[in-house]
Amino acid sequence: MEQSQTLRDIYAQMDHMGDLPVFSASVNRIRLVSTHPDSNAMDLAQEVMKDTNLSVKLLRLANSTHYNRGLGKIGSISRAVILLGFNTVKNLGFTLKFIESFQQDYPGIDMGKILVRCYLTAGFVRNVAIKCGVKDPEESYICALLHNLGEVACAYFLPGKYIELLNLKKTQTLCAGEAEQAVLGMSFMNIGKALATNWGFPSTVTSTLADYLPDREGPIRSSGQLNRALSSLASRLVDQLYVEHAPSEMAFQHLLGELAKAAGTDVGVIEERLSASFKMSCDLAGEYGLNRKMLQPLMREGEDESRDRIARTFAYYAVNQNPAPDSAIATLVAQQDTARPSASHSGNPMLQLEIIQQITGLITHSASLSTIFLKVLEGIHLGVGFERVVLCLLSTDRASYSGRLALGEDAEDLKRYFCLRINTARDLLSKVLMEGSELVVENVSDASWRGLIRDDFFARTKASSFMLSSLHHRDKPVGLFYADKAVSNSPMTAEERRGFSQFVAQAKLALLHINK
């Protein structure tokens, strides 16, 4: 296959498939950080940098003509966050596909493991860079994180070719470079460099997307040369631990020595930095709900004593930590299955993200408002964790409101109760609906609500606390969302309140889009 044809195929698939997929847990953590009142740009950048493909997307946006107008090329995630703003970064994840769905379609490609290698390499390089006094360790991290961009892009956009390449290495015992040339007409490294250049990444990044060959290179004289050396050597070390047919022209111990020489330190420091990065990756896997088994290196006893020693150490550490769920997607499915019949349930952040993506798709394809609003209720009920949720709509003459959609135990009774005349002086729901606001009532018995909450409210609803949010379009009242946890009578958390508001915002966005 010609080199130009491979790139044309990738660009064609990009037009069809969109951006590279991200971990659903990454999007959730970014949403949490971006909505926390004490978070700053660096906090958000640190979360973005844990996901290779999300970092790629952010850098692409920051270097696009729409956002970057004469500011120079941006290769730093923290600068990209400042340029784009918190809201843009927070909303970015809702438009991206999830790795979990790709994994279901192509079980022969372990995309999660490919990206874990990228993250482990990047963390390793950053730790080494900090240890040897590099001025900008974030830049070193980004260079290492994107070093295998070509492989990631090929696996996702050309999965058939990627599987063919894997099979070729197995059956014909070809080295990685030979197999890539035979199937793609070019190397992963050249694919990654072409993509990064096309996307406007700065030369400080693109120049490092190349192999570093110690026996052919002169002394390291610049930060760019150092980042290329660290990224290339660290990537090859990690590949020898995880890739079945990794290039083996240099022994593991020799690679450690060359990396130590490039960093100006000793091999013991390099091994210690590698171990620290591995433990950090295991901790991250636990936070993300991923199985730490994906971090277990391949065992090849007898081939390379130094490599095998570190592989055994890492395998022991991964297996003997507290086990994580079998997979993020399995957790999502299990919690979905148990949430429906249970009267009392807690929120599921991953399910929230899944439903938000579904809502985005419904809005994009101009689905009916009733379909979208029902999905919003599902998000508040199953995703956020409210036990009952009702959507009330204002009558055409604006004289009354009535419950139209409801989810949860006894929610249908609640819906029937919410069929009342508008009375802003004596009915809190009427007041919120007509005036356009969001409200949390933590205790209906509180004297401050006297006269605004109907006398029969608690007897009919059994809710001692609840949330309300109006639905307006062009400053005109349309309806009202109600949610409570009256079945378990448990208090509302701050996260549940934020989740409720987030899904109501989706309903408002749908109303604006459908009726524009």
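Based on Cα atoms of region 3-147, Rg over Rh with Rh as the Kirkwood radius reads 0.97.
Close amide-amide hydrogen proximity is noted between V22 and K97, F98, I99, each under 5 Å apart and 5 or more residues distant or on a separate chain (H modeled in the peptide plane; Pro and chain starts excluded). Separation of region 98-175 from region 1-62 is 14 Å, based on Cα centroids. Taking label positions 7 Å along the Cα-Cβ direction at both D110 and S222, the computed distance is 3.8 nm, reported to one decimal.
Output the antiparallel fraction of DSSP beta bridges having both residues in the chain, as a percent to the nearest 5. If I count the DSSP bridges inside the chain, around 95 percent turn out antiparallel. Phi-derived couplings, Karplus 6.51 cos²θ - 1.76 cosθ + 1.60 at θ = phi - 60°, listed residue by residue for region 305-316: 4, 5, 5, 5, 5, 5, 4, 5, 4, 5, 4, 5 Hz, with x used for Gly and Pro. How would the chain be classified by its alpha-carbon gyration tensor: rounded, prolate or oblate, with rounded meaning a/c under 1.5 and the a/b versus b/c comparison settling the rest? Since a/c reaches 1.5 and a/b is larger than b/c, the shape of the chain is classed as prolate. Sorting T206, T88, T364 by the number of Cβ atoms found within 10 Å of their own Cβ, with the fewest placed first, yields T364, T88, T206.
With contacts taken as Cα pairs under 8 Å and at least 6 residues apart, the chain reaches a relative contact order of 11 percent. Modelled spin-label separation between S275 and V440, with each label point placed 7 Å from Cα along the Cα-to-Cβ direction: 4.5 nm.
For region 22-96, the share of alpha carbon pairs falling in successive 5 Å distance bins from zero is 3, 18, 32, 26, 14, 6, 1 percent. Close amide H contacts of C419 (hydrogens built in the peptide plane, cut-off under 5 Å, sequence separation of 5 or more or a different chain): G403.
Distances between placed amide hydrogens fall under 5 Å for E387 paired with D484, K485, A486, all partners being 5 or more residues away or on another chain. In the structure shown, the pairs K431/K485; K90/K193; K169/K193; K161/K261; K57/K485 are assessed against 31 Å; a Cα-Cα span above that value is assigned to K161/K261; K57/K485. Per-residue 3J(HN,Hα) values for region 386-402, derived from phi via the Karplus relation 6.51 cos²θ - 1.76 cosθ + 1.60 with θ = phi - 60°, read 6, 7, 9, 9, 9, 10, 9, 10, 6, 5, 4, 8, 6, 9, 8, 9, 8 Hz in sequence order (x marks Gly and Pro). Please state the shape class of region 409-504: rounded when a/c is under 1.5, otherwise prolate if a/b exceeds b/c and oblate if not, all from the C-alpha gyration tensor. Note, shape of region 409-504 comes out rounded. On the beta carbon distance between S203 and D43, with R0 = 30 Å, the FRET formula returns roughly 0.60. To the nearest ten degrees, helix 111-131 and the longest principal axis of the Cα atoms of the chain are 70 degrees apart. Residue by residue, region 492-503 carries 3J(HN,Hα) couplings of 7, 8, 4, 5, 5, 5, 5, x, 4, 4, 5, 6 Hz when phi is fed to the Karplus relation 6.51 cos²θ - 1.76 cosθ + 1.60 (θ = phi - 60°); x denotes Gly or Pro. Neighbour counting of Cβ atoms within 10 Å sorts the residues M14, M294, M467, fewest neighbours leading, into M14, M294, M467.
Taking a ≥ b ≥ c as the square roots of the Cα gyration tensor eigenvalues, with a/c under 1.5 meaning rounded and otherwise prolate when a/b beats b/c, else oblate, which class fits region 331-514? Here region 331-514 falls in the oblate category. Ordering K170, K161, K375 from the fewest to the most neighbouring beta carbons within 10 Å gives K170, K161, K375. Residue separation of D215 and R309 scaled by 0.36 nm, minus their Cα-Cα distance, works out to 31.2 nm of gained length.
Where a number appears in this text, it was derived from the coordinates with a stated rule and is not lab data. These figures come from a predicted structure and were not determined experimentally. Ideal geometry is used to build each Cβ from the backbone, glycine not excepted, and the neighbour counts take in all protein chains shown.
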